[in-house]
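Working notes, structure below.
The values are calculated or read from the model by the stated rules, or taken from the named source; none is laboratory data. What you see is a predicted model, and the numbers here were worked out from it, not measured in a lab. Cβ coordinates were reconstructed from backbone atoms using ideal geometry, including for glycine residues, and neighbour counts include every protein chain displayed. Only protein heavy atoms, including side chains, enter the accessible area calculation; ligands, DNA and RNA are left aside. Shrake-Rupley method; radii C 1.70, N 1.55, O 1.52, S 1.80 Å.
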Protein chains: 2
Amino acid sequence: MLKTEKKVSFFDSVSPFVKVSPQSKSALLSVMVKEHFPKGHVLVPLGNICRHVYYIEKGLSRTFYIKDGKEITENFCIENTFTCSMPASITNIPDNRQIELLEASIIWSMSYTELEKLYDDYHDIERLGRFVVTNELVGMHQRLSDLQFRSAEERYNNLVQNNPTLLQRVSLGLISSYLGITQETLSRIRSKN
Amino acid sequence: MLKTEKKVSFFDSVSPFVKVSPQSKSALLSVMVKEHFPKGHVLVPLGNICRHVYYIEKGLSRTFYIKDGKEITENFCIENTFTCSMPASITNIPDNRQIELLEASIIWSMSYTELEKLYDDYHDIERLGRFVVTNELVGMHQRLSDLQFRSAEERYNNLVQNNPTLLQRVSLGLISSYLGITQETLSRIRSKN
DNA sequence: CTGATTTTTTGATAAATGTCAAAGGAAAAG
DNA sequence: CTTTTCCTTTGACATTTATCAAAAAATCAG
């Protein structure tokens, strides 16, 4: 694959916050593998330990697990974000999280092991890693406080406000699970407005 | 203050995971200020932008905010962990999180600005930062999945299982808020057992 | 276009949790 | 020791949300 094909929008989106040197950039790109996947493709199937980090250039993924026979959607990841099973990647302990693509997607994968080598060798890549994880953490704080003491209706209205696009791309069954409510409850909330 | 007084248990607890050079260690210690505070002391009062990171050598803190006139306890932090308002620290945008001490505590504070300077100068300190944030994120994942689809009773039993000490140190009103339920509901859950 | 499949809505009812008020208990202060 | 304050429990009732079943609507495959 030609170097010139390896343009990743990611560097543009973080460049205001993290300076990544040309050498680091090309080191990163050398461990990133770009692939096209169809809708429904499972990046991390059940039973696998997630040992890669995925950058979504185009498309949409969801992370989910099964509880009491039902699929619980933990998270959606869209263009220009990373996804992986964080607990599995860093602890190397299998969890039951699966990651599947909800749309035809362009995904850059990198092995977590190789990424860790880059962390050793390039300070600015480590910074990038810290930056990504820190941002993720701030997002989780928001999410947590939503679930802790907001009603289902407030959570739904928040989503409509902050992430209207997602509603157009994802079926309501998955959205309801993400919000921590049943599909029926979501339907009733929507019909109130 | 003598260097020899600046022993921090933290380095011991992370040393299996992150190697920190003697130089980095002393650079870190040079920006850390150790203080004793009484029970009830407010590290981050309402209206302040949290611009410090606090390491708890001894004691216990809680992070809380006010919603609809009620205090919501977002988090507890115990010995050998860090606390700060992550959203405020990294975005520099005021949030309404306060941090108070629930016990007489020994706290090491460091200014976030100075920490960022150390991140620039010492790769291994940046690694340490990434490590701390990543662990925090994994904990948040657990917490989130608890709130997303577990009943109040399951959440309480989880806490008893995973963090029995906390129950002995913190009043039930704060615990219930942390679990996302009312004090009355918690009381009833407890009386069932 | 048409039948099959999936998604969404609606209804009836049950379970979980919240709210308000008050009573008991425990801990702190004098 | 006694009083005051704070913490916890209990009761009655309201509200939110889940569950189960079925109908309606939308999407997909041929």
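A few remarks follow.
- Selection within the stretch A:146-173: residues that are within 17 Å of residue A:76 (Cα to Cα) and within 13 Å of another protein chain (Cβ to nearest Cβ). The member of this set that is nearest to DNA strand D (Cβ to nearest atom) is A:155.
- The stretch B:148-172, subset assigned to a loop (DSSP other than H, G, I, E, B) and under 19 Å from the mean Cα position of the chain (by Cα), residue farthest from DNA strand C (Cβ to nearest atom): B:163
- Within the stretch B:81-147, strands (runs of 3 or more DSSP E) holding 3 or more residues that are touching a residue at least 40 places away in the same chain (Cβ under 8 Å): B:98-101, B:105-111
- Residues of the stretch B:124-145 that are facing chain A (nearest Cβ under 7 Å) and either open to solvent by less than 40 Å² (accessible area, probe 1.4 Å) or small (Gly, Ala, Ser) (or both): B:126, B:129, B:130, B:133, B:134, B:137, B:138, B:140, B:141, B:143, B:144, B:145.
- Total residues in the stretch A:60-72, condition hydroxyl-bearing (Ser, Thr, Tyr), buried (at least 20 other Cβ atoms within 10 Å of the Cβ) and within 14 Å of chain B (Cβ to nearest Cβ): 1
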